[in-house]
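Structure record follows, encoded as structure tokens.
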Amino acid sequence: MIDEGALYELSEGWVWAITSEVCSSVRDGTHDTPKYVEAGVPLITSKNLKENVIDFSTSKNISIDDHEKISRRSGVENGDVLFAMIGTIGNPVVVQTERIFSIKNVALFKKNESTIISQYLKLWLASSAFNTILVKNEFLKGTTQKFIPLGNLRILPIPLPPIFEQQAIVSKIEQLFSDLDNGIDNFKKAQEQLKIYRQAVLKNACEGKLVPTEAELAHAEGCDYEPADVLLARILEERRKKWNGKGKYKEPAAADTSELSELPEGWIFGRLENIAEINPKLPYNDYSDNMEVSFLPMRVVEEQTGIFDLSINKKYIEVKKGYTSFIDGDIIFAKITPCMENGKIAIVDKLKNGIGFGSTEFHVIRLYGDQFIKKYLFFYLVQKTFRNGAQRNMTGSAGQLRVPTNYIRQTLLPFPPLAEQRRIVVEVGRRLSICDKLEATIAESLQKAEALRQSILKKAFEGKLLNEKELEEARSSPDWEPAEKLLERIRQEKQIKENNNKSTRRKTHG
């Protein structure tokens, strides 16, 4: 039963109806999974309903025989409305394609253009007002996965205006949405441009093109400066002191830079292992069995931002093989596809008791001392140029590709002088901060655009979208009739049809 308290008062000439009254029929697709074939008829599921269209690119195929069996009950035609009824509820689509296909776990509202315009029904099913009614009437069932039973699909409430008003409403909404969509497209283009700009800033920073170099400043002031090779010598000395690897300490091999691009004066290329330990072990005496530590699974690390969610703490009870360990100040770098390509990387800090455990798919990078600015290293690792190179060197099977530890160790990166690193980090931070603010403004604008879209729909389904002139034009047709009269006529026609069917069945069996 419908909770009438969840419904609202309608405009003059409108009436509340249900889907089974206004549609030719309401059905659902198959709930079984036919055998898939290489070439055949697409089987469309809820996942294939996206942004007002049917996405055939990810659909699987079934045989012609299975398609015909499904179509006997749930045949789809142009003008019908599809609606995801399991999992992600909604995403209604008006069918407009020459392709034949079958449906699975998808509601099918068969068209009846004499009663309700398909596009009007689709817009209603996409509105927040409909979703509110859906929830208040408890039409959704299920716990782990929500779904709408077929019986409930047939009694979904619809605010029904006269047919000519439906046409006028749909026309005006499409015009307003067209303008809105143009604005949204511009915002999304701006988002993409900001992503490109971010990468350009990082690339220029790591090529010595973002701030004046130490050499340039020193020459202008007629003084000396400390080049990066002197800095590297100090870091290597720190490396010798902290060596805890296997066997006798060995100096890292010199890097072959003959095929690399030329660096600014005072810069050098060096291997990552020159300045940092890769995947160091956590000393046992740094924690006790009952110590609480931070736990960072891969999902809590945001892409490319260096931000992670520390709200998830886990009590560490015993040493568990396979966990990756790290301490405050370490850089964690996702080594598995697609997290690596997407830039899941962060400098960890404020860990519970200074210690963290997390995904086994992190590489951990720990700098030797404080002679290299870790934020500069973070900016180098998060830039697309580095991640593209890492992607080309991944090993493993499809879907399980990983960046090898040795690739991280042997990575050659440009070392600027220490003072220049500090200036680079400040300037990159300043520019990316501006990007962050612009992106936040765009995100807010996109939210407002969606709110405006829902506001337009709300007015439309309350009968407040059309102005007096538009209403007068819609009602001036000689065929105009109030929705209540239209609905009563439809009910009578359905009753006559049902009675005729019963009479035919009695004669057949008599």
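Charging the Cβ of each Asp and Glu at -1 and of each Lys and Arg at +1, and nothing else, the dipole of segment 191-264 about its Cα centre rounds to 760 debye.
Considering helices alone, the calculated mean residue ellipticity of the chain at 222 nm is -13000 deg cm²/dmol, with DSSP H runs of length four and up weighted by -39500 (n - 2.57) and normalised per residue.
The calculated FRET efficiency for the pair K189 and I155, based on their C-beta separation and a Förster distance of 51 Å, comes to about 0.75.
Calculate the dipole size of the chain relative to its Cα centre from +1 charges on Lys and Arg beta carbons and -1 charges on Asp and Glu beta carbons; express the result in debye to the nearest 20. Display every interim value, and only then the final one.
Working: 72 positive and 70 negative charges, 406 e Å.
So the dipole magnitude of the chain works out to roughly 1940 debye.
Dimensions of segment 137-196 based on its C-alpha atoms, expressed as ranges along the principal axes with the largest first, amount to 49, 42, 15 Å.
Applying 1/(1 + (r/R0)^6) with R0 = 41 Å to the Cβ-Cβ distance of K146 and K242, what FRET efficiency is obtained, to the nearest 0.05?
Working: r = 54 Å, r/R0 = 1.33.
The computed FRET efficiency comes out at 0.15.
Where both bridge residues fall in the chain, DSSP classifies roughly 90% of the beta bridges as antiparallel. For a straight C-alpha distance cut-off of 15 angstrom, the aspartates and glutamates reachable from K172 (same-chain residues fewer than eight places away being disregarded) are D181, E462, E468, E470, E472, E473. For K110, the aspartates and glutamates whose Cα comes closer than 13 Å to its Cα, not counting residues fewer than 8 places off in the same chain, are E21, D28, E77, D80.
Fewest first, what order do D328, D185 take by the number of other Cβ atoms within 10 Å? Each step should come with its number before you reach the end.
Details: D328 14, D185 10.
Ranking D328, D185 by Cβ neighbours within 10 Å, fewest first, gives D185, D328.
Please compute the contact order of the chain in relative form: average sequence separation of alpha-carbon pairs under 8 Å and at least six residues apart, divided by the residue count, as a percent.
In percent, rounded to a whole number, it is 17.
Plugging the Kirkwood radius over Cα pairs into Stokes-Einstein for segment 227-416, at a temperature of 4 °C and a viscosity of 1.567 mPa s, what D comes out in µm²/s? Estimated via Stokes-Einstein, D reaches 74 µm²/s. Recomputing Cα extents along the principal axes in Å from the coordinates shown identifies the correct label among (1) 73, 55, 42; (2) 102, 53, 47; (3) 75, 54, 37 as (2).
Ordering C23, C223, C435, C339 by the number of other Cβ atoms within 10 Å of each residue's own Cβ, fewest first, gives C223, C435, C339, C23. Binning the alpha carbon pair distances of segment 4-162 at 10 angstrom intervals from zero yields the distribution 11, 41, 33, 12, 3, 0, expressed in whole percent. Calculated on the Cα set of segment 362-414, radius of gyration then Dmax: 12.3, 39 Å. Note on E498 and D370: their simple-model spin labels are 8.2 nm apart, each label 7 Å out from Cα toward Cβ.
For the set K188/K458; K50/K189; K60/K122; K335/K448; K195/K458, the pairs lying more than 29 angstrom apart at their alpha carbons are K335/K448; K195/K458.
Cβ-Cβ distance of L217 and S397, R₀ of 51 Å, FRET efficiency by 1/(1 + (r/R0)^6): the value works out to about 0.50. Taking the centroid of alpha carbons for each part, segment 1-66 and segment 423-443 are 44 Å apart. With Cα atoms defining each centre, segment 347-378 and segment 294-308 are spaced 12 Å apart in the structure.
Within the same chain, lysines fewer than 8 places from K375 are excluded, and of the rest, those with a Cα less than 18 Å from its Cα are K203, K209, K344, K350, K384. For segment 99-141, backbone nitrogen atoms closer than 20 Å to the point 7 Å from A451 Cα along Cα-to-C-beta are found at 127-132. Using C-alpha pairs under 8 Å with a sequence gap of at least 6, the mean separation divided by the residue count of segment 362-510 gives a relative contact order of 15 percent.
Among M298, M340, M85, M291, the order by Cβ neighbours within 10 angstrom, fewest to most, reads M291, M298, M340, M85. Summarising the label geometry, the points placed 7 Å from Cα in the beta-carbon direction at T132 and I196 lie 4.2 nm from one another.
Every number in this text was worked out from the coordinates using simple rules, so none of it is lab data. Everything quoted here is computed from the prediction, not taken from an experiment. Every residue, glycine among them, receives a Cβ derived from its backbone with ideal geometry; neighbour counts consider all protein chains shown.
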